[in-house]
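The numbers here are math on the coordinates, done by the rules we state, and not lab data. Just so it is clear, the model here is predicted, and its values are computed rather than measured. We place every Cβ from the backbone using ideal geometry, glycine too, and count neighbours over all the protein chains shown.
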Amino acid sequence: MAGNVSTLGRRTTRINHAVTEPLWVQLSLITVALVFLALFLVVPLVAVFKEAFSKGAEVYFASLVEPDAWHAIKLTLLAAAISVPLNVIFGVSAAWAITKFRFRGKQALITLIDLPFAVSPVVAGLIYVLLFGAQGWLGPWLADNDLKIIFAVPGIVLATIFVTFPFVARELIPLMEEQGTSYEEASLTLGASGWQTFWRVTIPSIKWGLLYGIILCNARAMGEFGAVSVVSGHIRGQTNTLPLHIEILYNEYQFAASFAAASILAGLALVTLVVKSLLEWQHTRDREKAARAAAQQS
Amino acid sequence: MSIEVKNIEKQFGQFKALDNVSLSFPTGELVALLGPSGCGKTTLLRIIAGLENPDGGVVHFHGEDATHVHVRQRQVGFVFQHYALFRHMTVFDNVAFGLTVRPRGKRPGKKEIAERVHELLRLVQLDWLADRYPDQLSGGQRQRIALARALAVEPKVLLLDEPFWCTRCQSAQRSAPLVASSSRRAAYHFNFCYSRPGRGDGSCRPDRGVEQRQN
Ligand SMILES: Nc1ncnc2c1ncn2[C@@H]1O[C@H](COP(=O)(O)OP(=O)(O)O)[C@@H](O)[C@H]1O
Ligand SMILES: [Mg+2]
């Protein structure tokens, strides 16, 4: 009988030698992948760090603790710290609603979630200017109430949220769709409440997808340029995020300082990847340990 | 606990899955629902369990109307067709789950839970698999773990969806109290509906088969 396929093959890390390709195919595929990686990822990354340290470590560190740079770093972290948790909540709720319930307008919701991928970030920024800017729809009201959104931190946070909101939801929807509702149903028949089911069954079973979504969301939140550039106004020491700061320095021919700031973003990316690999490694190791223990007993 | 379903209707869009189904299952009887694929056996079990709301009709447990009782309160053990074992938990944690989610006052202690889980695992003869994950089990083993998990909360009713679909004859015999070894009617899909307490005579043939027809 069919149907058991889904639970059989997945998550096995062992390679089945009976069905692998001939050696030369493997080697050439690996070579292509490595050359590609080297050309498009490793070389630029090395160049960033080389350029950053071109005037020595002293200049490097000086250009990072310089007040405007320091402020840009803090603002970038702040924007990520606000937008990532909000988008995690949004992403989990949206994925939950889309995959576990039947309702009208579901397809429309999925399309809407993709909107930030489809729309140019600059346009996204302009939408906020149109809404909240001095000449915008809500501009006069905001001015009367002494609220500042555009050319201020709230605008930057809003723009960041907009460009990053598909990441978590997009990562979770296929995963949760595949898992269906039977785990939750099993949990309910065993007497668990909805809350217990969510924390003990749903979240652990989407943990890896969720984590990956968070990592991507965070990377984008810290690196976003276009949308933030439109709403920020580039006020040094006030509304400059790290990517904007990098561009300003670069345009002023302060290459070492500019690349030093860029190396921070590159470093963040590397740290994210390392964290992700560590977690994945731990995850497989736990499983293998359990398998070995079980094999020894039997 | 006796179960009675009366005039159950269930519609999926234009499709009528259950049309005026009435059945009664006296206490202690092991009943098999037979019928071709797609005739609504799973749907009926889900309605009895409270996982699906009927469009019409009532479900009585022990003479009381349970139609609108939440799944959580129904005390129904359900073994899903694909078992739905929690993949991120070990076999032990799967079986213990129903006990560990009880409200604080009614939750047994750690030691008591462990004893109960091992007792159930011995019952399905898989005590040695306690530390494995569901992915590391065979289909028949998974099924027996799912059974142990459902029994852990001492349900008043046990519903097994297609208990034979993966079980070879041999392991069916070994899975002790519930699954009969009959493969005579292998062409049929069996769905068991079992109301506790069992008769304890070890012969686990259904007392009765109810044949469901395709609408
Ligand atoms: N969630 C659903 N949405 C639409 N149709 C469904 C749903 N669940 C079951 N059905 C339909 O109802 C009928 C009965 O299904 P089911 O109870 O699973 O049959 P059985 O278990 O007897 O094979 C089938 O034709 C199936 O396609
Ligand atoms: Mg079925």
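Quick rundown of the values:
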item	result
Set of lysines with alpha-carbon distance to residue B:41 below 25 Å, sequence-local pairs under 8 removed	A:100, B:6, B:10, B:16, B:156
Whole-Hz ³J(HN,Hα) from phi, Karplus 6.51 cos²θ - 1.76 cosθ + 1.60, for segment B:38-54, glycine and proline x	x, 8, x, 5, 4, 4, 5, 4, 5, 5, 4, 6, x, 7, 9, 8, x
Rounded Å value of the spacing that divides the Cα centres of segment B:35-73 and segment A:69-120	38 Å
Extension gain from residue A:234 to residue A:254, taking 0.36 nm per residue of separation minus the Cα-Cα distance	5.5 nm
Highest-MSF residue in chain A out of A:258, A:187, A:28 [GNM, Cα springs under 10 Å]	A:28
Net +/- balance of residues flanking residue B:92 in space, Cβ distance below 13 Å, scoring K and R +1, D and E -1	0
Built amide H within the under 5 Å cut-off of residue B:28, gap 5+	B:195, B:196
Candidates per GluC sites (Glu not before Pro) in segment A:197-298, loop by DSSP, up to 10 other Cβ within 10 Å	A:252
Leading residue at positive end of dipole, chain A (Cβ point charges), from A:160, A:32, A:254	A:32
Quotient of Cα Rg and 2.2 N^0.38 Å for segment A:45-141, N being how many residues it contains	1.65
Using θ = phi - 60° and Karplus 6.51 cos²θ - 1.76 cosθ + 1.60, couplings along segment B:146-160 (whole Hz; Gly, Pro as x)	4, 5, 4, 4, 5, 6, 4, 8, 6, x, 7, 9, 10, 10, 10
Label-point separation in nm, residue A:281 to residue B:11, each point 7 Å along Cα→Cβ	5.9 nm
In sequence order, calculated HN-Hα J values of segment B:58-64 (Karplus, 6.51, -1.76, 1.60; Hz; x Gly/Pro)	10, 10, 10, 10, 6, x, 9
Qualifying lysines (Cα of each under 28 Å from Cα of residue A:289; at least 8 residues distant if same chain)	A:207, A:276, B:110, B:111
Alpha-carbon Debye profile of segment A:84-145, log10 I(q)/I(0) at 0.22 Å⁻¹	-0.92
Along each principal axis, Cα extent of segment B:1-96, largest first, Å	42, 31, 24
Electrostatic dipole magnitude of segment A:187-298 [Cβ: Lys, Arg +1; Asp, Glu -1; Cα centre; debye, to 20]	520 debye
Square roots of five times the Cα gyration tensor eigenvalues for segment B:73-112, Å	20, 15, 7
Cα-based equivalent ellipsoid, segment A:196-298: semi-axes from gyration tensor eigenvalues, Å	42, 18, 7
Computed magnitude of the charge dipole of chain A (debye, nearest 20; Cβ of K, R +1, Cβ of D, E -1)	920 debye
Gap separating the Cα centres of segment B:81-144 and segment A:221-245, nearest whole Å	52 Å
Residues whose placed amide H lies under 5 Å from that of residue B:79, excluding near-sequence neighbours	B:159, B:160, B:161
Span-like helix ranges in chain A, DSSP H, alpha carbon extent 30 angstrom or more, Kyte mean at least 1.0	A:67-100
Estimated distance in nm for a label pair at residue B:65 and residue A:42, the labels positioned 7 Å out from Cα along Cα-to-Cβ	7.3 nm
Sorted by Cβ density within 10 Å, fewest first, the residues A:182, A:83, B:138, A:229	B:138, A:182, A:229, A:83
Spread of Cα-to-Cα distances over 10 Å intervals beginning at zero, given as percent, for segment A:54-101	23, 26, 21, 16, 11, 4
Kirkwood-based shape ratio for chain A, expressed as Rg/Rh from alpha carbons	1.04
Amide N proximity, segment A:228-245 versus residue A:148 label position 7 Å along Cα-to-Cβ, cut-off under 15 Å	A:231-241
Ranked by how many other beta carbons lie within 10 Å on average, peptides A:213-222, A:136-145, A:169-178 from highest	A:213-222, A:169-178, A:136-145
Rg/Rh for segment A:169-253, where both radii come from Cα atoms and Rh is the Kirkwood radius	1.29
Relative contact order computed over chain A (Cα-Cα under 8 Å; 6+ residues apart), in percent	28 percent
Student exercise, segment A:61-171 dipole from Lys, Arg, Asp, Glu Cβ charges, in Debye to nearest 20	640 debye
Reachable lysines, given that their alpha-carbon falls under 24 Å from the alpha-carbon of residue A:148 and they are not under 8 places away in the same chain	A:74
Distant-in-sequence amide H partners of residue B:60 (H built 1.01 Å from N, under 5 Å)	B:4, B:5, B:6, B:66
